[in-house]
Amino acid sequence: MIIVKSHGGLGNQFFQYAAGKALADFHHTEFKYEISQFERYSPSEYCLDKFLVTAPVATKEEVSEFTKNVKEPAGLKKIFIERFNFLFPYFNFLLSYKRMKVYHERFFHYNKRFFDLSQDVYLVGYFQSERYFDRVKDEIRKEFVLKDQGGAAFNFFANKIKSSNSISIHFRRGDYVTYSGLNKIFGVPSMKYYYDAVNELSIKVKNPVIYVFSNDIEWVKQNFDIRFPVVYVTDPSLTFYEEMSLMSFCHHNIIANSSFSWWAAWLNNNPDKIIIAPKKWFRWWKINTRDIVPHGWVKIPNL
């Protein structure tokens, strides 16, 4: 059995689920995911149950079978691991993956040894690369569809988006701006990035209509000014997971350095879609992001 720990925001939950499902498919074994993180305090909301996911939720007893005899590092060993974690990719070949009962992701880019893991393992990490789940991508597209798409606001925006040369543009602000720690690691794309992205697409898309998505829509209204028609996708009845779905309906996408708009763009089924993504995903130089932006997406400078 493969169990993956689900935690973080919706985009993170999607990445974790997809990676676990791919590993289970590789081994032809059962796949489940754990949600205990959301039963305790969590700044994020558990959302997978809003989508057509097929895997069941793991019980506490099933998770315990993997974790009960695994000791977390402590003392000097913990300090060493935390301080020199950036060296992990260079010594990855020394690990015995087949014997692992619990696998903690140690670096951000794709781990070529991921499928060396056994058919009985508990996964903890983010797994932010489509390379982890390429083998099950068609199934993932079918499962990451909202169960309920019947709200009036949702259908209003969906119809407008589908009937125009729609381009979604996502401004991720909130904690990326207000928390200095996150701002130092992630940062937010500059306004120049957004203007350059719109100009890039306007050359290739006739009569574009820009659909703006943000967790700080008022800030965008005051600071973003372009010559094309703009629709601000905001309504008190819209949930954030409905907004992700609406973003995916757009013909083309301009994303932030955010797994939220990454998934909206990836789930976009337009065969001729153009996706523009930030060239630099993190500000922090120690994080290797070479595998986050899929092949074929256009990367432009953002800081």
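A compact table of results
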| item | result |
| --- | --- |
| Ordering of 219-229, 248-258, 273-283 by packing [mean C-beta count within 10 Å, highest first] | 248-258, 273-283, 219-229 |
| Partners for Lys50 among aspartates and glutamates (Cα-Cα distance below 20 Å; same-chain residues under 8 apart left out) | Glu34, Glu39, Asp138, Glu139, Glu143, Asp148, Asp235, Glu242, Glu243 |
| Distance from segment 198-263 to segment 106-154 (C-alpha centre basis), Å | 24 Å |
| Three-way shape label, segment 202-303, alpha-carbon gyration tensor, a/c 1.5 | rounded |
| Over 24 Å between alpha carbons, listed pairs Lys137/Lys299; Lys147/Lys299; Lys206/Lys299 | Lys147/Lys299 |
| Helix-only [θ]222 nm of the chain, DSSP H runs n ≥ 4, -39500 (n - 2.57) each, per residue, nearest 500 | -10000 deg cm²/dmol |
| 5 angstrom amide H check on Tyr211, placed H, neighbours 5+ away | Ile167, Ser168, Ile169, Val231 |
| Difference of contour (0.36 nm per residue) and Cα-Cα distance, Thr67 to Ser118 | 16.8 nm |
| Tensor-based shape of segment 1-67 (alpha-carbon gyration tensor, a/c under 1.5 rounded, otherwise prolate or oblate) | oblate |
| Label-point separation, Arg173 to Lys98 (7 Å along Cα→Cβ), nm | 5.4 nm |
| At R0 = 30 Å, FRET efficiency that the Cβ-Cβ distance of Phe240 and Lys206 yields, to 0.05 | 0.45 |
| Segment 1-41: GluC sites (Glu not before Pro) in DSSP coil with no more than 16 other Cβ atoms inside 10 Å | Glu30 |
| The chain, accessible surface, carbon-and-sulfur percent (1.4 angstrom probe) | 52 percent |
| Length released on extending from His27 to Asn199, taking residue separation times 0.36 nm less the Cα-Cα span | 57.3 nm |
| Per residue accessible area in Å² of the chain, where ligands, DNA and RNA are left out and the probe is 1.4 Å | 51 Å² |
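The values are calculated or read from the model by the stated rules, or taken from the named source; none is laboratory data. This structure is a prediction, so every number in the text was calculated from the model and none was measured. Every residue, glycine among them, receives a Cβ derived from its backbone with ideal geometry; neighbour counts consider all protein chains shown. With ligands, DNA and RNA removed, areas are computed over all heavy atoms of the protein, side chains included. Shrake-Rupley method; radii C 1.70, N 1.55, O 1.52, S 1.80 Å.
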